Structure formats: structure tokens, C-alpha cells
Amino acid sequence: MLSWCKPCNVLVKVYLLFSLLLSIMLPSSAFAAPLDIQGNWYQATPAWQYHGQSQLQGSGLQPVAKLSPTGGRFLFQSDFTITGTKSDAARYVLDFKSSSTVGHFRHHVFDAQGHLLAQMEGGIQSEAANPFFLRHGRELLLPPGDYRLVTELDSPFFLAQPQPYLDTLDDYREAIKAGNALVLVCLGVFLGLGFYYATLAVVRRRTAERMYAIFILGNLLYNGTALLVYPDLFGLHWFYMVSVPVLFSNCAYIVFVMALLEIRPGSHPRLYRAGLLLLGLFMVFIILAGFFPNWSLELDRYGVGLFMFYGLAAGISGVRGGNPSARFYLVAIAAFFILGLTSISLNRMDAHTLYVEHIGLLAVAVEVFLLALVLSWQFALLNKERQTAIDDAKRSILIAHTDALTGLPNRFNLEIEIVQLPPEGSLTIIDLDGLKHYNDTYGHLRGDELLCSFSYHLKKRLGPRAILHRMGGDEFAITCRSGDTGYVEDMLVATMEALHKDNFAIAGASFGSALVKEDPGKANLKQMADARMYQQKQLHRRRASDQA
């Protein structure tokens with residue numbers, strides 16, 4: 001249960017952040033409520049022409065209850081009243097609520113006598129400039145009175161039902177700030193993390209990062225177009241950027257989940273087959289969108305719903321299987337599932353400046369942010385495992401180069417050190433006398449004490465000027481990069497004196513030194529030092545024999 005605390009805390013924080021954003025974006029009581037313009041919708045045939053009439057009834061149009069999600073030509077008619085004294089002419093803004101995904105629109109405002117007062121147009125496909133950033137709002141100067149609005153809509157598809165409303169200019173300017181800020185912040189997150197994942201994909205060559213970068217790119221293109229960023233900033237008016245990129249990003253997301261959670265035929269056969277089936281289905285969606293482009297957004301909607309269910313199922317399965325990444329991924333997909341399911345099922349919004357597109361944008365932004373934490377955690381885990389492997393390798397190398405009893409560098413390390421000796425260096429071979437006596441008389445424990453005591457005293461006296469190695473048994477070697485054999489031999493004599501004080505009275509040492517300059521190739525350096533050590537050992541034996 002404790003392993004779930006951190007992911008659940010993250011989910012709670014995301015929920016609180018979402019609630020805070022909604023509270024900021026929803027209308028404040030400090031402003032007057034906008035005027036919802038209620039009226040009737042009509043559908044027109046492609047051949048039907050609008051001739052500027054203020055009355056649509058009886059014009060050969062088909063009344064409809066709502067707009068078709070697969071688009072078409074629609075007209076809206078409504079009467080509205082502005083209250084106040086006749087001298088109180090004020091500036092208003094006419095805009096749509098619920099959705100910003102509109103291809104073309106044209107507003108016609110008439111007075112009570114049917115005279116045309118204003119005509120305004122716009123939309124994602126329109127070249128007309130938007131006077132308000134990231135909004136379809138159009139400004140009007142209207143005195144109190146009765147008016148009629150006729151709005152033409154012509155769009156390849158609709159994400160939700162765009163409903164006209166009227167707000168005062170000052171209130172409108174304030175109301176749209178939060179939504180616009182959300183758009184810019186979220187798209188900035190997409191851009192930054194998209195570049196981050198793309199870079200990781202190049203460096204690490206992993207499918208998960210590559211596919212998630214494509215997923216973010218698809219949503220960056222979709223949201224930037226649907227929420228008017230690209231039309232306003234770059235003059236890009238290709239309407240199908242709202243739908244086509246998502247068809248491909250849906251495919252990328254399935255592959256991403258399979259790579260992230262390591263869904264393989266052997267480990268997760270059902271999920272693997274389901275993932276392949278969804279990829280095949282999404283490919284069919286792409287082909288269908290080519291033949292029926294006005295259905296492309298609906299195919300997106302179905303695809304998003306399917307990959308969210310697949311991601312949720314894969315996350316639950318991964319948690320049950322003990323996949324450590326699955327716990328964090330499940331938190332991300334759960335947050336995305338709640339917000340994403342809301343965005344693809346909503347048809348209208350009561351909030352005037354909060355679109356359905358904003359909910360979808362926030363859903364993807366939350367998931368992108370949480371999955372950034374998942375992939376960062378994975379990266380940290382891989383780095384930790386890599387560092388552990390490096391540390392283990394270093395320990396293995398150290399063990400391989402170190403004598404277990406004395407802790408000195410061993411014979412293998414000696415061979416490396418000999419190769420690295422400079423031309424002025426030297427090698428001294430040592431044979432410790434008396435080890436057999438102490439082993440045979442007092443046991444091997446006492447013999448080990450002699451070896452350790454000798455190693456301790458000599459290493460301490462040599463210091464950094466030379467390196468003491470144990471070759472095995474009672475044989476040792478000293479490498480000295482400065483070639484100061486006199487210093488080495490003096491330290492050996494001092495070590496023997498220290499051993500005698502440690503109750504190793506009969507301990508002694510025979511040694512022989514060879515300079516690198518005597519054998520620059522170092523092929524026979526050890527043999528030369530070893531031969532001189534045996535010469536000294538024989539000399540010690542003759543002296544001992546003469547004394548006896």
C-alpha cells in the first residue's frame with residue numbers, strides 16, 4: 001500500500017491544479033453575465049445561397065436541433081435585446097462558446113426594422129484577421145434595442161456545438177485572459193517536452209521516447225490549430241491540421257505504451273494482440289479519413305477513446321505484474337482518462353470562455369507532464385542501475401587486483417605496474433624468510449600474522465614513493481617509479497627491525513633489485529631482480545652456515 005502513496009499524491013495534486021484552473025477560467029461574479037443568444041439552427045444544401053435576408057424561416061432551409069459533427073453548411077437565427085436608455089450605446093463582442101473549431105463563419109446583425117447594421121466574418125479557414133488573440137470574437141457598437149442575428153457556418157466538421165453569445169468589451173477582454181494563458185502555457189510545455197523527448201529518442205534510440213515525441217507533435221499541431229494559435233501567429237489556415245495529426249499520434253501512443261510497459265508476445269500475449277489490433281484499426285481510420293475527410297475528427301474521437309482504454313488496461317495489468325513503471329504510468333493515464341473522456345464526450349460548455357478544446361488541451365498537458373515524470377524516473381532508474389554495474393565492475397577489478405589476506409596489490413596488478421614503470425624506475429623482488437618456521441611451529445594463523453605485519457610496516461614506510469605488491473606465499477615485490485633502490489632497501493631494513501619488536505625474532509628478508517634502464521623493454525626485468533634476490537638468499541644461507 002505504501003508504494004501507492006507517491007503516485008496517489010501526484011494524482012490528488014493534479015486534480016487540485018485542474019480544479020484551480022477551472023475556477024480561474026470560469027466566469028467571475030465580479031463581471032456581468034454574458035448574454036446567451038438562443039435561437040434556431042437550419043441546415044443548408046451546398047447549392048443554397050444566402051441573399052442577406054433577416055428571416056430564414058420559409059427560405060428552403062431544413063430546421064435542425066444541433067449541428068452535425070461531420071460538418072456542413074448551417075445558419076442560425078435569433079432575436080436578442082439590449083436593455084438601457086437609448087443614449088447608452090456600448091461596445092460589445094459577439095463570439096461563440098463551447099468550441100473554437102469553426103471553418104468559416106459570417107455574422108449578420110439587423111435592427112428591429114430588418115436593416116443590416118453589421119456584417120463580420122472569420123474562422124480557422126478564413127483569411128480575415130482576428131481582432132482578439134486566439135478568439136473568434138467580433139466587436140460591435142450597439143445602443144439599447146431589439147436586434148436579430150443571422151450567423152452562417154460552413155465547416156468540414158465540428159468538435160462541439162458553437163453557440164453565439166454577446167458580452168461587453170471590457171468584460172470580454174478580462175474573461176479571455178485565463179484561457180489564452182492556459183493555451184500558451186500548455187503549448188509551451190508541449191514544445192519543450194516534445195523537443196526533450198525527440199532529443200532523448202536520438203541519443204538513447206528507444207522506441208518509447210520516439211513514439212511519445214510523435215504523440216506530442218500530433219497534439220501540438222492539433223491544439224495549435226483548433227485554438228487559433230497557428231492561424232493568428234503564422235497565418236496557417238489548413239483546417240485538417242485539427243484532425244489529421246491526431247490520427248497518427250493515436251498510433252504512436254499505442255506503440256509508446258507497448259514499449260514503455262514492455263508488452264511482448266511472451267509476457268503479455270493478450271495485450272500485445274490487442275495493441276496490434278488497435279494499430280491495424282487506426283491504420284484503417286487513416287485510410288477512411290483520406291476518402292471521407294469530414295469524418296476525420298470523429299475517427300480521432302473514437303481513436304482517443306480506444307487508446308485511453310488500452311492504456312488503462314495496460315497500466316492495471318502492469319501493476320498486477322509488478323512492473324515498477326506501471327504504477328506511475330497508471331496515475332498518468334488515470335488523470336488523462338478522466339479529463340480526456342470528458343473532452344471527447346462533451347458537446348457543449350456552459351462556460352463562455354472555456355472551450356471543449358481547452359479541456360482536451362489540459363488533459364494532454366497533464367498526461368504529458370506526468371509521463372515526463374515517469375520517463376524521468378525510468379531514466380534515473382536506468383542510470384542508477386548503470387552506476388551500480390560500474391561500481392560492481394570496479395569492485396570486481398579491485399578484488400582481482402588485490403591480495404585477499406594483506407590487502408596489497410597482487411601479482412596481476414604488479415604486471416600492469418611493471419609495464420607502466422618509467423625509464424628511471426626500478427623493481428625489487430623480496431622473499432620473506434621465516435614464514436615456514438612460524439607456520440610449522442605455531443600454525444598458519446601465526447604465519448598469516450607475520451605476512452600481515454610485514455605488509456603493514458613496509459607499506460607504511462614506503463609511503464607514496466613506492467608500491468608494495470604481494471606475489472603469493474612469502475614473495476613480495478616493490479615498484480618504484482623514481483628508481484631509488486637505496487631508499488627501498490633502507491625501508492626493508494627498518495621493517496625487519498619492526499618485525500623483531502613484534503615477536504617475529506627469526507624473520508628476515510632477501511631481496512634483489514633491477515633498474516628499468518638495464519632492460520628498457522622490461523621483458524627480463526623481473527627475472528633479473530629475482531636472480532639477484534636468490535643470490536642474496538644464498539649469501540644469507542652461507543653466512544648462517546659459517547656461523548653455525
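The values are calculated or read from the model by the stated rules, or taken from the named source; none is laboratory data. These numbers come from a predicted model, not from an experiment. Cβ sites come from the backbone with ideal geometry, for glycine too, and all protein chains shown count toward neighbours. Accessible surface is based on the protein model in full, side chains and every heavy atom, while ligands, DNA and RNA are left aside. Shrake-Rupley method; radii C 1.70, N 1.55, O 1.52, S 1.80 Å.
A count restricted to segment 260-281 and to residues that are surrounded by fewer than 19 Cβ atoms within 10 Å (Cβ to Cβ) and either in contact with an Asp or Glu (Cβ under 9 Å, 6 or more places away or on another chain) or of a type in the set (Lys, Arg) (or both) stands at 3. Taken over segment 329-385, the criterion of being of a type in the set (Ser, Thr, Tyr) and more than 28 Å from Leu134 (Cα to Cα) is satisfied by Tyr329, Ser376. Going through (1) open to solvent by 50 Å² or more (accessible area, probe 1.4 Å); (2) part of a helix (DSSP H, G or I); (3) of a type outside the set (D, E, K, R) one by one, Ile418 falls short only on (1). The residues listed here are Lys460, Lys522, Lys537, Lys526; of these, the one that is basic (Lys, Arg), open to solvent by 70 Å² or more (accessible area, probe 1.4 Å) and either more than 18 Å from Lys436 (Cα to Cα) or in a helix (DSSP H, G or I) (or both) is Lys460. Has segment 127-134 got any residue that is in a helix (DSSP H, G or I) and within 26 Å of Val364 (Cα to Cα)? Checked against the condition, which is being in a helix (DSSP H, G or I) and within 26 Å of Val364 (Cα to Cα), segment 127-134 yields no hits at all. Looking at the structure I just gave you, is Val242 under 23 Å from Pro156 (Cβ atoms) and surrounded by 22 or more Cβ atoms within 10 Å (Cβ to Cβ)? Against the criterion (under 23 Å from Pro156 (Cβ atoms) and surrounded by 22 or more Cβ atoms within 10 Å (Cβ to Cβ)), Val242 qualifies. Restricting attention to segment 421-457, the residues that are open to solvent by 40 Å² or more (accessible area, probe 1.4 Å) and within 28 Å of Lys517 (Cβ to Cβ) total 2.
Taking Pro63, is it of a type outside the set (Gly, Ala, Ser), part of a loop (DSSP other than H, G, I, E, B) and either farther than 30 Å from Ala175 by Cβ or in contact with an Asp or Glu (Cβ under 7 Å, 6 or more places away or on another chain) (or both)? No. Residues of segment 190-216 that are crowded, with 19+ Cβ neighbours inside 10 Å and closer than 29 Å to Ala351 by Cβ: Phe190, Leu193, Gly194, Phe215, Ile216. For segment 361-371, the count of residues that are without any contact (Cβ under 8 Å) to a residue 60 or more places away in the chain, assigned to a helix (DSSP H, G or I) and either within 30 Å of Arg465 (Cβ to Cβ) or of a type in the set (Asp, Glu) (or both) is nonzero. Checking each residue in segment 396-444 for being in contact (Cβ under 8 Å) with a residue 24 or more places away in the chain and at positive phi picks out Gly407, Gly434. For segment 465-474, check the following and say yes or no: at least one residue is in contact (Cβ under 8 Å) with a residue 60 or more places away in the chain and acidic (Asp, Glu). No, every residue in segment 465-474 fails to be in contact (Cβ under 8 Å) with a residue 60 or more places away in the chain and acidic (Asp, Glu).
Every listed requirement among (1) part of a helix (DSSP H, G or I); (2) open to solvent by 70 Å² or more (accessible area, probe 1.4 Å); (3) among the aliphatic types (A, V, I, L, M) is met by Ile506 save one, (1). Filtered by the rule that a residue be touching a Pro at 6+ places or on another chain (Cβ under 9 Å) and open to solvent by 30 Å² or more (accessible area, probe 1.4 Å), segment 91-122 gives no residues. Restricting segment 315-331 to residues that are out of contact with any Phe, Trp or Tyr (no Cβ under 8 Å at 6 or more places or on another chain) and small (Gly, Ala, Ser), the residue that is nearest to Gly275 (Cα to Cα) is Ser317. If you go through segment 463-493, how many residues are closer than 19 Å to Gln536 by Cβ, open to solvent by 30 Å² or more (accessible area, probe 1.4 Å) and not charged (D, E, K, R)? Residues meeting the conditions: 6.
Being in contact with an Asp or Glu (Cβ under 8 Å, 6 or more places away or on another chain), in contact (Cβ under 8 Å) with a residue 60 or more places away in the chain and within 30 Å of Leu141 (Cβ to Cβ) holds for only one residue in Leu228, Leu169, Leu159, and it is Leu169.
Criterion first (at pLDDT 90 or above and within 44 Å of the chain's Cα centre (by Cα)) does Ser54 satisfy it? No; evaluated as a whole, the condition is false for this residue. In a residue-by-residue description of segment 295-316, the property of being open to solvent by 10 Å² or more (accessible area, probe 1.4 Å) and polar (S, T, N, Q) applies to no position. Scanning segment 292-334 for residues that are outside any helix (DSSP H, G or I) and modelled with pLDDT under 95 turns up Gly321, Gly322, Asn323.
Each row is one residue, and each column tells you yes or no for (1) touching a Phe, Trp or Tyr at 6+ places or on another chain (Cβ under 6 Å); (2) within 30 Å of Ile359 (Cα to Cα).
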| residue | (1), (2) |
| --- | --- |
| Gln53 | no, no |
| Gly60 | no, no |
| Thr83 | no, no |
| Lys97 | yes, yes |
| His107 | no, yes |
| Glu121 | no, yes |
| Pro131 | no, yes |
| Arg148 | yes, no |
